[in-house]
Amino acid sequence: MHELAVCQALISQVETIAKNHAASSVASITLGLGPLSGVEEHLLRHAYPVASAGTIAEGAELKIQSAPIRVRCFECGEETEAKPNRLLCGFCESWRTELISGDELMLVQLELDKPESAASEA
């Protein structure tokens, strides 16, 4: 299950960001996840509590935003949505397309909690 390794890398990135912002904890993590990312959402959700245990992100809510599959057509130039197993232009139905979204796995947003003393000084 490579989703555990993905979660561990995510937590490492979150810890670095939290440290750089002097956060005391992480309230929520929002990810953008495309259907062609190679990551299964339900396995990611299952691995997340294991990867975050004992870290600054333990107990943080994991939010996942689905990203649509979009292609750009080399024939007509249109950008349209497509299906995972059918990356055709939605306008002219050409197979000569370029994937422009749908394969991403990215950290979209973090909600950090700061210690009371740091929050009142800001």
Suppose every Lys and Arg Cβ carries +1 and every Asp and Glu Cβ carries -1, with no other charges. What dipole size does the chain come out with about its Cα centre, to the nearest 20 debye? 180 debye
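Want the number for SER12 to SER25: 0.36 nm per residue separation, take away the alpha-carbon distance, what's left?
3.3 nm
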Which of THR55, THR16, ILE100, positive extreme of dipole for the chain (C-beta unit charges): ILE100
When only C-alpha pairs under 8 Å and at least 6 residues apart count, what is the relative contact order of the stretch 1-74, in percent? 44 percent
The chain, Gaussian network, Cα under 10 Å: of VAL108, VAL39, VAL26, the residue fluctuating most is VAL108
Summing -39500 (n - 2.57) over the DSSP H runs of n ≥ 4 in the chain and dividing by its residue number, what mean residue ellipticity at 222 nm do you reach, to the nearest 500 deg cm²/dmol? -9500 deg cm²/dmol
Work out from phi, with θ = phi - 60° and the Karplus expression 6.51 cos²θ - 1.76 cosθ + 1.60, the ³J(HN,Hα) of each residue of the stretch 5-15, listed in order in whole Hz, and give x for Gly and Pro. 5, 5, 5, 5, 5, 4, 4, 4, 5, 4, 4
Which one is right for this structure if semi-axes √(5λ) of the Cα gyration tensor in Å is calculated from it: [x] 37, 17, 9; [y] 24, 17, 11; [z] 21, 17, 13? [x]
Residues with amide H under 5 Å of VAL26's amide H, sequence separation 5 or more or different chain, H placed in the peptide plane at 1.01 Å from N; which? ASP113
Please work out the FRET efficiency for the pair LEU99 and ALA53, using the Cβ-Cβ distance as r and a Förster radius of 25 Å; give the result to the nearest 0.05. 0.10
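Values quoted throughout were computed directly from the atomic coordinates according to the rules given, and no laboratory measurement underlies them. Values in this document were obtained by computation on a predicted structure and should not be read as measured data. Here the Cβ is made from the backbone with ideal geometry for all residues, glycine too, and neighbour counts use every protein chain on show.
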